[in-house]
Amino acid sequence: MNIFIAATLGLWMAVPACATTSALVRTYQPFGMDRITIEPVTCYAWNAQIAVDDALLYISAKNEAPNFSKTPVGDLNLASTSHLSFSNSESGTGRPMKVVMKADEFVITEGYTREDIVKACLECVRRVLPEKLRNTPLTFSASPENKAWMSKIVDEFNQHDRSKVFYGAEP
């Protein structure tokens, strides 16, 4: 009986330590309409963890803008429609965080070049990274048919001065 009470009390005390809170997170998304634009977007994070994590994750969140059209507009976010996603990871060994692009299921969104889509998404990454991660190299995973051409863009991004625009116009 004492073990049951101790276990229940332990779980009851641990729940608040594991609970997270919701928050508004600002990120950037590459929008495709007539041309690619990089736009600031405010997202509602139900379980906000770390601002950088959430800002990177929400780059690829589906974005269906509200409108008064009788026909649906659909997802405007090129990262989402092209199946690119972003995150950061920490090895747990005290090494610096890694910024990661996952492009294993990449598809070209019709009307845009594959290079422009990836570069626009990387510009979004550049804009959300805090100063302490600004020079962190980007790593990526991709299917064999995409790895060669994407690696050139990722190398260019990693060598780029991240205080300057990588793709598009100055905000």
field: Ordering of 27-36, 134-143 by packing [mean C-beta count within 10 Å, highest first]
entry: 27-36, 134-143
query: Among the lysines, which have Cα under 19 Å from the Cα of K102 when same-chain residues fewer than 8 positions away are ignored?
result: K62, K119, K147, K152
message: Students often check this: by mean Cβ neighbours within 10 Å, which of 157-166, 112-121, 97-106 ranks highest, and how do the rest follow?
response: 112-121, 97-106, 157-166
DSSP beta bridges in the range 20-159 [antiparallel fraction, %, rounded to 5]: 75 percent
message: If N is the number of residues in the range 20-159, what value comes out of its Cα radius of gyration divided by 2.2 N^0.38 Å?
response: 1.06
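No value in this document is a laboratory result; all are computed from the given coordinates. Since this is a predicted model, take the numbers as computed values, not measurements. Cβ sites come from the backbone with ideal geometry, for glycine too, and all protein chains shown count toward neighbours.
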